[in-house]
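The values are calculated or read from the model by the stated rules, or taken from the named source; none is laboratory data. Please read all numbers here as calculations on a predicted model, not as lab measurements. FYI the Cβ positions are ideal-geometry reconstructions off the backbone, even for glycines, and counts take in every protein chain you see.
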């Protein structure tokens, strides 16, 4: 069942603190990952402390710093839309950095995001730069810290 989101206000925001998460893969590649908020809405709902609940639309950006020895000629064909058709393998990784990115909303709330990677997949496809292609599965965590002035009074 799809839950309707009751949007009260489209909230503007500014970057307070931003950095990429970094992960080292077993093949020596460094993945840089960031969650970028596109739009933030304050809903008409409140949590048990009386703080507004926010809905965030975001995009996850992944880039790779690939060792020279892994580079080769690009694949001749285009990357298929259905990645499951490509040969692939799960690849082990370790976190180097997993910082929280912080944004200040126009209503005074601070939102903190963190992307946590659960697995990395390496595909048998060489991109236009001669690098292996990777994808991630991840979860985004978020904490919102609202000023008392916008919290709803408890009954």
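Table for the structure above
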quantity	calculated
Test: residue 96 is in contact (Cβ under 8 Å) with a residue 40 or more places away in the chain, within 23 Å of residue 22 (Cβ to Cβ) and surrounded by 12 or more Cβ atoms within 10 Å (Cβ to Cβ)	yes
Residue within the stretch 39-47 that is free of Cβ contacts under 8 Å to residues at least 12 places away in the same chain, under 30 Å from residue 153 (Cβ atoms) and not in a strand (DSSP E or B) present	yes
Selection status of residue 149, at pLDDT 95 or above, surrounded by fewer than 16 Cβ atoms within 10 Å (Cβ to Cβ) and out of contact with any helix residue (DSSP H, G or I) (no Cβ under 9 Å at 6 or more places or on another chain)	no
Extreme residue, farthest from residue 128 (Cα to Cα), among residues of the stretch 74-88 that are touching a strand residue (DSSP E or B) at 6+ places or on another chain (Cβ under 8 Å) and not in a loop (DSSP other than H, G, I, E, B)	88
Positions within the stretch 48-62 being assigned to a strand (DSSP E or B) and touching a residue at least 40 places away in the same chain (Cβ under 8 Å), in sequence order	52, 53, 54, 55, 56, 58, 60, 62
Single residue of the stretch 28-58 satisfying the filter (buried (at least 19 other Cβ atoms within 10 Å of the Cβ) and in contact with a helix residue (DSSP H, G or I) (Cβ under 8 Å, 6 or more places away or on another chain)) that is modelled with the lowest pLDDT	52
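Conditions (1) surrounded by fewer than 12 Cβ atoms within 10 Å (Cβ to Cβ); (2) free of Cβ contacts under 8 Å to residues at least 40 places away in the same chain; (3) part of a strand (DSSP E or B), marked per residue:
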site	(1), (2), (3)
64	no, no, yes
102	no, no, yes
108	no, no, no
113	no, no, yes
116	no, yes, yes
120	no, no, yes
130	no, no, no
142	no, no, yes
